Each structure stands twice: as C-alpha cells, then as structure tokens.
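Heads up: the structure comes next, in structure tokens.
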Amino acid sequence: MVAFMHTGTRLTAGYRYTTLTDATLVDVLGTAPSHGNFVWVPGSNGPELERHFAENGILIRSYPDAGARISVTDLDEAYRVAEVWRRR
C-alpha cells in the first residue's frame with residue numbers, strides 16, 4: 001500500500017501488480033500498510049538495505065538502528081522495488 005493509484009473504477013491505497021501471487025508491495029516487503037508514497041521497513045538493518053538497493057540503482061533512506069524508508073512514485077518503481085527486495 002504504497003500510494004494511491006487508479007485500478008479499474010475506483011481508487012485504492014496501494015499499488016497492485018500481477019505476479020504469481022498478485023500481491024501489493026506491502027505484502028511483498030512484509031511491512032505495515034502505508035497511505036503515503038513510501039513504506040517503512042523497521043529494523044536495525046537499514047544501512048544494509050540502503051547499500052543493497054543502491055547497488056541495484058534504487059536510492060532509499062536508512063536510519064541506523066531504526067529502519068529504512070522506501071519511496072515509490074509509480075507502478076514501475078513498485079515493480080522494481082519488489083524485484084530488488086526479493087534478491088536481498
């Protein structure tokens with residue numbers, strides 16, 4: 001549930017994309033729902049996540065000993081974040 005997008009005839013909170021399991025980005029990341037354009041990934045591994053995403057061409061903001069904030073502005077970015085997340 002990264003941001004608002006139009007799916008069919010109504011607005012829903014979250015990017016929905018088709019994979020084998022048709023999940024939202026929040027489902028893939030295992031994070032709490034978000035009604036903004038970002039998801040918060042809690043934990044002490046923020047800097048490691050930041051390095052992993054940077055190595056894959058995605059900039060995120062990490063907070064040592066707190067977590068990471070991953071902003072997503074469109075559906076293509078949601079796909080890319082999910083793809084990089086699965087490779088960590």
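Quick note: the coordinates plus some simple rules give every number you see, no bench work behind them. Just so we're clear, the structure is a prediction, and the values are computed from it rather than from any experiment. FYI the Cβ positions are ideal-geometry reconstructions off the backbone, even for glycines, and counts take in every protein chain you see.
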Can you list the residues, at least 5 places off or on another chain, whose amide H is less than 5 Å from the amide H of Phe38, using H built in the peptide plane? Val72
Please list 3J(HN,Hα) in residue order for segment 52-67, calculated via the Karplus relation 6.51 cos²θ - 1.76 cosθ + 1.60 where θ = phi - 60°; whole Hz, with x for glycine and proline. 4, 5, 4, 4, 10, x, 10, 8, 10, 10, 10, 10, x, 6, 10, x
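All other residues with a Cβ under 11 Å from the Cβ of Glu50 taken together, and with Lys, Arg as +1 and Asp, Glu as -1, what is their net charge? Numbers along the way, then the final one.
Details: positive: Arg51, Arg61, Arg69; negative: Glu48, Glu55.
Here the count lands on +1.
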